[in-house]
């Protein structure tokens, strides 16, 4: 999925606040809960899948809850969310005073900007730690770098706009790198191990096939490994077994579909490939503690 499709997650802020774009490789703006609260559930896609872009969220005020690979994180002014291309991402709730800057940067453009900085990030390290705590001066430095980048993107009459945008992007990335290196000692290994590759590829497949395929054997076959090896690798690398990953993904899909006013519970069961509504209802209640109908009313 390209930057344009990632941007659909925040598309409805267009009418409320200015969004700035540069050559379809950079998109930036802000997320404001005051404007978004009434339209969030109706107009915002629940997830961004198979993204070919990085997403940075820097909170100015308030707090929000996000899910990344089915794990819940709280973000606030002392937190930075740096979301990788293969993360399964969902913004679930925000406080009334929530306001944040966001930047979507195309993966290829990022590679072009930092091609001389090999080891800029250890992919799996940042994937495992997508939310980074910030000191006040770090937050201020990142906000300043984002504002400078926004200014350069808006300088459309500048004779060398592309160059100054690249320089401002590099400056922002160096600010990010300074934060990451300070807080992580494992950002110097840019090559994934085989087990890390398995986890990464599994998450991409899970994002694509959650509704259709539940057996772990399906994913193992796609990866040309045994289900036992896949599950043990996931447990070692992420702390969750394959069956737990599959159950969490299915529950997230179920919650999203149940909350849709246009879907019946029977239709949800069918969409998620359950044999009937009763089987789906038992699965959901066992996982969540309430029936699908009760959950819809919550």
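The values are calculated or read from the model by the stated rules, or taken from the named source; none is laboratory data. Only a predicted model underlies this, so the values are computations on that prediction, with no experimental measurement involved. Cβ coordinates were reconstructed from backbone atoms using ideal geometry, including for glycine residues, and neighbour counts include every protein chain displayed.
Values for this structure:
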read-out: Residue list for the range 268-282, filter: surrounded by 14 or more Cβ atoms within 10 Å (Cβ to Cβ), free of Cβ contacts under 8 Å to residues at least 24 places away in the same chain and in a helix (DSSP H, G or I); value: 269, 270, 277, 281
read-out: Matching entry among 222, 152 (being outside the structural domain of residue 244 (by TED's automatic domain parsing), at pLDDT 90 or above and assigned to a helix (DSSP H, G or I)); value: 152
read-out: Some residue of the range 92-111 being modelled with pLDDT under 75, in contact with a helix residue (DSSP H, G or I) (Cβ under 7 Å, 6 or more places away or on another chain), outside any strand (DSSP E or B) and farther than 20 Å from residue 26 by Cβ; value: no
read-out: Among the residues listed as 194, 214, the single one being farther than 24 Å from residue 57 by Cβ and surrounded by fewer than 17 Cβ atoms within 10 Å (Cβ to Cβ); value: 194
read-out: Condition met for residue 243 (farther than 15 Å from residue 69 by Cα, surrounded by fewer than 17 Cβ atoms within 10 Å (Cβ to Cβ) and either over 21 Å from the mean Cα position of the chain (by Cα) or in the same structural domain as residue 202 (by TED's automatic domain parsing) (or both)); value: no
